[in-house]
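K.L.:
Dumping the structure here so I can ask a few things about it.
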Amino acid sequence: MSKFKVILSWVGIVMLGLAHGILEDLMFIRVIVEYMPADWDITGDLFFIFTVPLAQLMTFAITGTLAWHFLGLWQLPKLVTFWGCWVAARTTFLSTLLNPIQDIAIYLAWITLWCVMVGLYARVKHPKALAAD
């Protein structure tokens, strides 16, 4: 790949990782809240075991697909960079809203789980690409 394409792919990974940290809340507010049945308490007991992962997966379906197909997210350094940007954006956003540290830790645990799962999938799907890294 040309140097310009390599630089552009790294910039894209960083931008998608940062955008992902904010898009989760848009998915929560604009999709989950609007279309869930009113009798479901999605902000109570179900919040950290259903609502947060669902919003993250919905967002990851968009950003992760773009990053996987166009930017090479299956490469371990890019996946780690994406994870780091996602964690940084999410931590900054939630800290700005004065969320408790325990809540932020739960968000980050889910984020780490999703990225580990993508890494495991990448290891199976692209073993030669990972061996070259």
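A short reminder: the numbers here are calculations on the coordinates, not readings from a lab. Just so it is clear, the model here is predicted, and its values are computed rather than measured. Quick reminder, even Gly has a Cβ in these numbers, built from the backbone with ideal geometry, and neighbours come from all protein chains shown.
K.L.:
Take the residue pairs LYS5/LYS125; LYS3/LYS78; LYS3/LYS128 and return only those whose Cα atoms are more than 18 Å apart. Please list the in-between numbers first.
P.N.:
Numbers: LYS5/LYS125 23 Å; LYS3/LYS78 16 Å; LYS3/LYS128 22 Å.
Table pairs above 18 Å Cα-Cα are LYS5/LYS125; LYS3/LYS128.
K.L.:
Any idea what angle helix 76-96 forms with the longest principal axis of the chain, computed on alpha-carbon atoms, 0 to 90 degrees, nearest 10?
P.N.:
Roughly 30 degrees between the two axes.
K.L.:
While we're looking at this one, here's another question. Any chance you could give the angle, 0 to 90 degrees and rounded to 10, that helix 3-27 forms with the longest Cα principal axis of the chain?
P.N.:
Compared with the principal axis, the helix lies near 10 degrees.
K.L.:
Mind telling me which of ASP103, ASP25, ASP45 comes out most flexible in a GNM of the chain, alpha-carbon contacts under 10 Å?
P.N.:
Among ASP103, ASP25, ASP45, the largest GNM mean-square fluctuation belongs to ASP45.
K.L.:
Shifting gears a bit: Looking at the calculated P(r) for the chain, what percent of the C-alpha pair distances fall above 25 Å?
P.N.:
Within the chain, distances greater than 25 Å cover 29 percent of Cα pairs.
K.L.:
What residues have an amide H closer than 5 Å to that of MET36, excluding those fewer than 5 places away on the same chain, when H is modeled at 1.01 Å from N in the peptide plane?
P.N.:
The list, which skips near neighbours in sequence, is empty: none.
K.L.:
Given R₀ = 30 Å, FRET efficiency for ASP39-TRP10 by Cβ-Cβ distance, to 0.05?
P.N.:
Working from the Cβ atoms, E equals 0.05.
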